[in-house]
Amino acid sequence: LSLQDASMGYDQQPILQGVHLSVLAGQRIGILGADGQGKSTLVKSLVQQLPLLHGRQVEGKGLTIGYFAQQELDVLQAGDTPLEHLTRLARRLQPQAREQELRNFLGSFRFLDDMMQQPVGTMSGGEKARLVLALMVWQRPNLLVLDEPTNHLDLDTREALGMALNDFEGTVLLVSHDRALLRTVCEDYWLVTQGRVQAFEGDLEAYQHHLLDAARKRRESWTSMNAELPN
């Protein structure tokens, strides 16, 4: 997909402007930037939860997007079990799927035995996140857009997610503060800062130097401004 002179934001108030970017098949892109700079605005616009304020988004033929965000946990039904959630989805997308196939699939996401029959409302945040990821993967998207997928996951599940994303043959856009996951999964990076989105030429170490340099410039600007104030 591609964005052409796109502006993004809320209630006609742009947060990001002049965005010209393309996502190519098979790319693994990490989205970098400080909190509040517009990373979630970018991904919500890409998955069309937010309409563009200006510009165009052009999608390739056959594009299927799987989107994970923390608020997606709210779509789960507290009284239903993981097996019931997946069965409902399978009836819509793959009605020929057998129950044992669904059980095996849930087992690959560590929903074993009694956990398949456990009401979602009694599960931890990490278990709910795993279920949302499982339901998303079942739909077989060719583009995964993940916004902070590891916030509720334990270390073992984070490592398993990294391995699963590396085995995934499609395209990945990943917003995460988890440097280990970014380093494991991503080959390219976008930087969201000061109302712009641009390709970042460098790795995570270069991004760390970029942050330190930006912090130094802010300190120097603040020192210079205070030095000019009258006593």
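The values are calculated or read from the model by the stated rules, or taken from the named source; none is laboratory data. Here the structure is a predicted model, which means the values were calculated and not measured. No Cβ is skipped: glycine too gets one built from the backbone with ideal geometry, and neighbour counts run over all protein chains shown. In case anyone asks, the SASA skips ligands and DNA or RNA and just uses the protein heavy atoms, side chains included. Shrake-Rupley method; radii C 1.70, N 1.55, O 1.52, S 1.80 Å.
Conditions tested, residue by residue: (1) more than 17 Å from Leu133 (Cα to Cα); (2) free of Cβ contacts under 8 Å to residues at least 24 places away in the same chain; (3) touching a Cys at 6+ places or on another chain (Cβ under 6 Å).
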site	(1), (2), (3)
Leu73	no, no, no
Thr81	no, no, no
Thr87	no, yes, no
Ala90	no, no, no
Leu93	no, no, no
Glu99	yes, yes, no
Gly107	no, yes, no
Asp113	yes, yes, no
Met116	no, no, no
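Number of residues in the stretch 40-78 that are closer than 20 Å to Leu102 by Cα and either in contact with a strand residue (DSSP E or B) (Cβ under 7 Å, 6 or more places away or on another chain) or modelled with pLDDT of 95 or more (or both) equals 1.
Residues of the stretch 6-24 that are part of a loop (DSSP other than H, G, I, E, B) and surrounded by 11 or more Cβ atoms within 10 Å (Cβ to Cβ): Val23, Leu24.
Check Asp178, Asp188, Asp203, Asp156 and return the single one that is out of contact with any Asp or Glu (no Cβ under 7 Å at 6 or more places or on another chain) and modelled with pLDDT under 85.
Details: Asp178 fails: modelled with pLDDT under 85; Asp188 fails: modelled with pLDDT under 85; Asp203 fails: modelled with pLDDT under 85.
Just one listed residue meets the conditions, Asp156.
Applying the condition of being in contact with a helix residue (DSSP H, G or I) (Cβ under 9 Å, 6 or more places away or on another chain), among the polar types (S, T, N, Q) and exposed (fewer than 14 other Cβ atoms within 10 Å of the Cβ) to the stretch 47-91 and asking which residue is nearest to Asp113 (Cα to Cα) yields Gln77.
Would you check if Pro95 is open to solvent by less than 90 Å² (accessible area, probe 1.4 Å) and assigned to a loop (DSSP other than H, G, I, E, B)? Answer is no for this residue.
Scanning the stretch 111-127 for residues that are under 14 Å from His85 (Cα atoms) and part of a helix (DSSP H, G or I), we see that the one that is farthest from the chain's Cα centre (by Cα) is Gln117. Could you identify the single residue in Leu181, Leu212 that is among the hydrophobic types (A, V, I, L, M, F, W, C) and over 21 Å from the mean Cα position of the chain (by Cα)? Within the list Leu181, Leu212, the selection yields Leu212.
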